[in-house]
Each structure stands twice: as structure tokens, then as C-alpha cells.
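Here's the structure, in C-alpha cells; my notes come after.
The values are calculated or read from the model by the stated rules, or taken from the named source; none is laboratory data. Predicted model only: the values in this text are computed from it and were never measured. Cβ atoms come from the backbone with ideal geometry, glycine included; neighbour counts cover every protein chain shown.
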Amino acid sequence: MESLSAVDVAKWFIQNDLDTPRNTFDGNMKLQKLLYFSQLVHLAKYNKPLFDEKILAFQNGSVIEEVRQLYRNNHYQFVDQANKTNLRLTSEQLDTLLTVEEIFGELSALELSDLNHQHQSWKESYENSRIGSFHEKHLSEITISQLQKHEVPKVQEILEAHYSGMSLIAFEVVNGRKFYYDPEQIQITDELLALLESFDGQDSAYSLYLDETAGIVIY
């Protein structure tokens, strides 16, 4: 198989029981985020897309609409078809999917969504789709060039950390908010915890980074 569709990739995740909890809103959301991160990992490792379907910026994060609709509206048929499909993957494709499973597979739909919401590509495209108080689907595409510019460098850092036995996906929960950070860059001290405890933000998740001039920045 030279090329994969997003549906094919979704079938692989279903075959490996990664759409958990299955046949739920969260199961569909986790599947969407795994598809999104598989595209990013493949771009980071091989400098080419894993699949060609459009990625859209929805309120709950990045979505491949064809797969979302299939999973939601024809769930049992889709899962049955997935389990009966003999996917023939190239070594590169399999490498990407196994890497995504290792790094992101144990994260929940909400954790993956929180990570996704920190991505500049999603923020740009979601805002671009806004017309008044509504969002237009056809204006919400996240392009490959956006992913390469904003997200691929971050994913390359995650991959380097993963292969060296470290993790760049760490978070601290304070007052019900998740703060994601690079454990190689930031240490969670009592002083930092006090800062996070006093932080008054409206979102459920934030990222931390260390600025040489400003110190810890929350965004």
C-alpha cells in the first residue's frame, strides 16, 4: 500500500483498541486526535503527509470530518469493517503509527484535546472560521504548511525526547487546570506551584515555557 487514507489510519487505531471508550463521544474524539498526531509525526519523521484528507479546526480540536461522521453515524459497520480489513502498511507508515501509539496512545481524549488546543495551527484556523458568533466549516482547514511551520518543530522535540527515554509531555494539575510543560526545561517548585495556584485563567489547560527575560510564561 503506497498511500493511506485517513479512514485506513482510523481502522488501524480501531484494530488496536485505541478508540477508547469505544462508541462514545470521547472515543471518537480520541480517534480524531490520534489521527491528527499521526499526521504530525509522519511530517516530522518523513517530511510528507501520512494521508491527504483535510484537517479542520473544530471547537473540540482538530478533526478529519470524513472519519468523524463515519464513526458517529455508522459506528458498528465501521468498526466491523475495520476489524476485517487487512491493512498493508509500508515500514514508514507502520513506524509512524507505532510511534503515535507509544507516545499518545495511553492519553485520554480530554488530555489529547488539551494538547491539541495549545497548537497555533488550530487556534489560527478556528479563529479564521469565525463569522460573527458562528464558525463556518469550509473556512476552518488546517493546512500542511501551517503544521510544518508551527507544530512539526515541537513534535520533533517530542520524538527526540521519546527516543532518548525522556518525556516532553508532562503536566501539573492546579485548581482543576492542567499546565503542560517540558520537564527538561522547567522544574515544578513550591514557588512555581504558588504562582500556578494564584493564576486566574478561564481555560482548562495551558502551556508553560521558560523565557530568558520574562521567566515562566503561561499561555
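For the stretch 42-50, the count of residues that are in contact with a strand residue (DSSP E or B) (Cβ under 7 Å, 6 or more places away or on another chain) and at pLDDT 95 or above is zero.
Can you tell me which residues in the stretch 184-208 are more than 19 Å from the chain's Cα centre (by Cα) and either under 20 Å from residue 156 (Cβ atoms) or of a type in the set (Ser, Thr, Tyr) (or both)? The answer is 184, 185, 186, 189, 198. Evaluating residue 128 against the criteria (1) over 17 Å from residue 38 (Cβ atoms); (2) buried (at least 21 other Cβ atoms within 10 Å of the Cβ) leaves one unmet condition, (2).
You will find that of 205, 194, the residue that is in contact with a helix residue (DSSP H, G or I) (Cβ under 8 Å, 6 or more places away or on another chain), surrounded by 10 or more Cβ atoms within 10 Å (Cβ to Cβ), outside the structural domain of residue 96 (by TED's automatic domain parsing) and of a type in the set (Gly, Ala, Ser) is 205 and no other.
Filtered by the rule that a residue be under 14 Å from the mean Cα position of the chain (by Cα) and buried (at least 24 other Cβ atoms within 10 Å of the Cβ), the stretch 42-63 gives 42, 55, 57, 62, 63.
Considering the conditions (1) surrounded by 12 or more Cβ atoms within 10 Å (Cβ to Cβ); (2) assigned by TED's automatic domain parsing to the domain that holds residue 100; (3) farther than 30 Å from residue 51 by Cβ, residue 199 is excluded by exactly one of them, (2).
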